[in-house]
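FYI, it's all coordinate maths here, none of it is from the lab. Keep in mind it's a predicted model, so treat the numbers as computed, not measured. All Cβ positions, even for glycine, are placed from backbone atoms using ideal geometry, and neighbour counts span all protein chains on display.
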Amino acid sequence: MGGREGIQGLIGLLLKTFGLLDVVQLAHPRDWVESLLKAQSENANDEKRQVWWKVARQQAQFLRDQFGVTKVAMVGALAQDAPIDYWSKLILAVWGAPDVQRPYTSIRDAVSQMNSDPEIQLIFADQALTDTEAQIMAVGWVDV
């Protein structure tokens, strides 16, 4: 069914508009079962949390070394000991990111090119935050 934010929103909109019975008919039952089994198999476990923390530490070090970021913190499910599921993302808040981009590479592009699993999202905490980012930051963070 897709784990991206836009697909999640689309499914939510369809559910609110048409109801569960009509939305379920939009995909073949095999697709729904495969999606549910995949989501169930990807539920959080200690090993996955350890891998995500390792990736977070590597990314934090990379951001400090390559971009001079002064502070990196983990926010979201991993920082709150909430279950990591199919929809979870590794969210890093950064402070002191340079205003100028390195030639041909922005800080977001550099991070997105390094890893795709888990998906990494950056929040520039010392800049203007979107409403969603502000809500995520309000829950709290853990320094990396």
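Data overview
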read-out	value
Length gained when the stretch PHE124-VAL142 is fully extended (0.36 nm per residue, less Cα-Cα span)	5.0 nm
Spin-label model distance (nm) - LEU37 vs TRP95, 7 Å beyond Cα toward Cβ	4.7
For GLU119, residues with placed amide H under 5 Å, excluding near neighbours	LEU90
Separation of the LYS54 and GLN80 label points, Cα + 7 Å toward Cβ, nm	2.7
PHE124 long-range amide H proximity, modeled H, under 5 Å	VAL94
Peptides ranked, highest mean first, by Cβ atoms within 10 Å: ranges 69-78, 55-64, 18-27, 133-142	69-78, 55-64, 133-142, 18-27
